[in-house]
Amino acid sequence: MTTLKPLTNRNEWWEATKTAVCGLAIAAGFHTFVAEVRYIPSESMTPTLQVGDRIVIEKLSYRFRAPQRGDIVVFSATPELRSQNLKNDLIKRVIGLPGDTIRVQSGKLFLNSKRITEPYLQESPNYNYGPTVVPPNQYFVLGDNRNHSYDSHLWGFLPQQNLIGHAAFRFSPLESAGLLAKLLDQPPIHGSIFFGLATSQGFFDHRKGQIR
């Protein structure tokens, strides 16, 4: 008959250590490859995201599909931003895909010559832009607080390799908790296998989990 031997103090310490290390490795892998939590400390994305909102950034789906118009994407600073000594991550809404023609005129957004309705905006943009064609493997991204967003209309396009993930879920405050709905009125595109989205603008501070 097989019997279980009691653990010695040394074995208990070793088993506890292995359990802790495995737990930390799993947590680190989940954070790196699957999802992480971020915090909104500024009004740069109002009214979609408010100061104090806490959101989940999902990282896995972009390994299997490209971003879609309307996605909230989190990305590392582009070469242009780094040249301005801006090195933290940002979060924006995808407006234009590779090959799209973007134009902003008289407070209205035009995508491939079609006027786009944007119900999520804080206010209409007070600038004109384009028309400009989005280059291959890059994206045109804007913040919802359009006149207070440092985004593609100022620093250029987002390279695909800079993408980290997308904002999928708001869990705090509780009264606003839920999936972040995709609201961009757009021409038909390939279907999504994951969550629909909405966006903000800001810089992410790795030390505090904040989007600035």
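Read-outs: derived from the displayed coordinates by stated rules, not from any lab. Here the structure is a predicted model, which means the values were calculated and not measured. Reconstructed Cβ throughout: ideal geometry from the backbone, glycine too, with neighbour counts over all protein chains shown.
With a cut-off of 20 Å on the backbone N, the residues of segment 136-172 near the modelled label site 7 Å out from GLU43 along Cα-Cβ are 143-151. In a DSSP loop and with at most 14 other Cβ atoms within 10 Å, the GluC sites (Glu not before Pro) in segment 58-139 are GLU123. Nearest 0.05, what FRET efficiency do VAL51 and LYS108 give at R0 = 25 Å with Cβ-Cβ as r? The calculated FRET efficiency here is 0.35. Full extension of the segment from GLN84 to ASN126, taken as 0.36 nm per residue of separation minus the current Cα-Cα distance, would add 12.7 nm.
Placing a pseudo-label 7 Å from each Cα along the Cα-to-Cβ vector at ILE164 and VAL133 gives an inter-label distance of 3.3 nm. The fewest-to-most ranking of PHE75, PHE64, PHE110 by surrounding Cβ atoms within 10 Å reads PHE64, PHE110, PHE75.
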